[in-house]
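To start, the structure itself, in C-alpha cells.
The values are calculated or read from the model by the stated rules, or taken from the named source; none is laboratory data. The structure displayed is predicted, hence computed values, not measured ones. Every residue, glycine as well, gets a Cβ built from its backbone with ideal geometry; the counts of neighbours run over all protein chains shown. Side chains are part of the model used for accessible areas, which takes the heavy atoms of the whole protein and leaves out ligands, DNA and RNA. Shrake-Rupley method; radii C 1.70, N 1.55, O 1.52, S 1.80 Å.
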Amino acid sequence: MKEKKSFINRIYRQKDIKKVEDKINQFGVSKKFSCEYFMNFRLYTSLIVFVVIFIFMDYGALLAPIITVLWYLLVGYLMIDRPLKKRERKLDTEAYYYFEVLTLALESGRNLENAIKMACKYIDSEISSEFKETLKQVNFGKSLTEALSLMSSRIPSITVNNIILNMEQSNLFGNSIIETMYNQLDFLKDKQVMDIKEEINKIPNKISIFSVLFFIPLILLIILGPVLIDFIS
C-alpha cells in the first residue's frame, strides 16, 4: 500500500524540508517541535496574517503580501535561527570545561567511551546531555563512532563538531587522542578570549546607538522645549 504523503510534502520541495529538518535537529535533545509542526505553523499563521491585513487594513492589497513575507521570515528567525545561535554560543562556552574533564579521564588510562561516561557523570550541562544521548545509542547497539557521527548532526557549533570529528577518527583508527585534545583545549581557550575581546569591542558601538536613540532626542527636547512652548503659546 502506497504511503500517504503529509501536507508539507505536497507543497514544499524535499530539499527545502530537509534543510529545515537539519536545522531543527541541531536543537538536539532539547528539541521542542518537529519539522512538520514548524512548517505548518509558519504557513498557517502567514495565511492568517495575509487575510487579516488584506480585509481589515487600508491599502490591504498592497501591504498584505509585504507584511506576510516579513512575518514568514520572522517566524523562521525567532523559532529556529536565533535560538540556534544562542545554543551554539552556549555549547562553545561549556565545551572547554567538559573536554578538559574528558581529557583528564583519558590521561588516567580510560578508553574514550569510559572517559565520556566519567565526564557526563561529573558535569551537568547541555553538551553533557548530548554525550549522554550518544552513550544511550551505544547501549542500544550502535558503535561509538556511529553515535558520535550522529551527535555531530545535533550540534550547531563548528568548533565542537571539529573536536567530535577528531574523537571519531581516533576511535576508528586507534590513534592517541590525548595530544589532539590538548591542542583543541588550547584552541577553545584562545577562542573564548577572542570572543570576550570581540564583545568588549562592541560596547562603544552599543553605547553610541543608545546615545543616538535616547540622549540626543532628550537634549534636543531640553534645548528646543522653551522655543516650542513660546511658539505654541
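The combined condition, being outside any helix (DSSP H, G or I), open to solvent by 50 Å² or more (accessible area, probe 1.4 Å) and under 30 Å from residue 125 (Cβ atoms), is not fulfilled by residue 18.
Only residues that are among the aliphatic types (A, V, I, L, M) and part of a loop (DSSP other than H, G, I, E, B) were counted in the stretch 156-206, giving 1.
Annotation: residue 42 fulfils all but one of (1) crowded, with 16+ Cβ neighbours inside 10 Å; (2) over 22 Å from residue 162 (Cα atoms); (3) touching a Ser or Thr at 6+ places or on another chain (Cβ under 9 Å); the unmet one is (3). When 99, 27, 33 are checked against the criterion of being open to solvent by less than 60 Å² (accessible area, probe 1.4 Å), farther than 30 Å from residue 186 by Cβ, under 23 Å from the mean Cα position of the chain (by Cα) and of a type in the set (Phe, Trp, Tyr), a single residue qualifies: 33. Counting only residues that are over 25 Å from the mean Cα position of the chain (by Cα), open to solvent by 100 Å² or more (accessible area, probe 1.4 Å) and of a type outside the set (Phe, Trp, Tyr), the stretch 45-79 holds 4 of them.
Conditions (1) touching a residue at least 40 places away in the same chain (Cβ under 8 Å); (2) within 22 Å of residue 159 (Cα to Cα); (3) not in a helix (DSSP H, G or I), marked per residue:
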{"position": "49", "(1), (2), (3)": "no, no, no"}
{"position": "64", "(1), (2), (3)": "no, no, no"}
{"position": "67", "(1), (2), (3)": "no, no, no"}
{"position": "82", "(1), (2), (3)": "no, yes, no"}
{"position": "92", "(1), (2), (3)": "yes, yes, no"}
{"position": "101", "(1), (2), (3)": "no, yes, no"}
{"position": "109", "(1), (2), (3)": "no, no, yes"}
{"position": "117", "(1), (2), (3)": "no, yes, no"}
{"position": "127", "(1), (2), (3)": "no, yes, no"}
